[in-house]
Amino acid sequence: MASIDTTRSVHHGAHFGSIFARIFAAVSAWNDARITRNALSRLSDRELDDIGLSRGDIERAIR
């Protein structure tokens, strides 16, 4: 007698969508950090001091 195993479900489409979503999120986060880094780098030392940062704090502030 033949039987069909129904205990495992394979959703290749859902898995691909999950991978795509993670890649998109990573690229989006990288781009947001890049934009923020560029904006903070354009500020003068005085402007950075007004918001409580120094040049050395920019990378840490982005993370």
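Residue-by-condition table, conditions (1) modelled with pLDDT under 95; (2) surrounded by 10 or more Cβ atoms within 10 Å (Cβ to Cβ); (3) of a type in the set (A, V, I, L, M):
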{"site": "7", "(1), (2), (3)": "yes, no, no"}
{"site": "18", "(1), (2), (3)": "yes, yes, no"}
{"site": "21", "(1), (2), (3)": "yes, yes, yes"}
{"site": "25", "(1), (2), (3)": "no, yes, yes"}
{"site": "28", "(1), (2), (3)": "no, yes, no"}
{"site": "59", "(1), (2), (3)": "yes, yes, no"}
> How many of the residues in segment 49-63 are part of a helix (DSSP H, G or I) and within 22 Å of residue 30 (Cα to Cα)?
Replying inline: 8
>> Condition first: under 23 Å from the mean Cα position of the chain (by Cα) and either small (Gly, Ala, Ser) or not in a helix (DSSP H, G or I) (or both). Now tell me which residues in segment 32-48 satisfy that.
In response: 33, 39, 41
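The values are calculated or read from the model by the stated rules, or taken from the named source; none is laboratory data. None of the values given here were measured: they were computed from a predicted structure. Don't worry about glycine lacking a Cβ; one is built from the backbone with ideal geometry, like all the others, and counts go over all protein chains shown.
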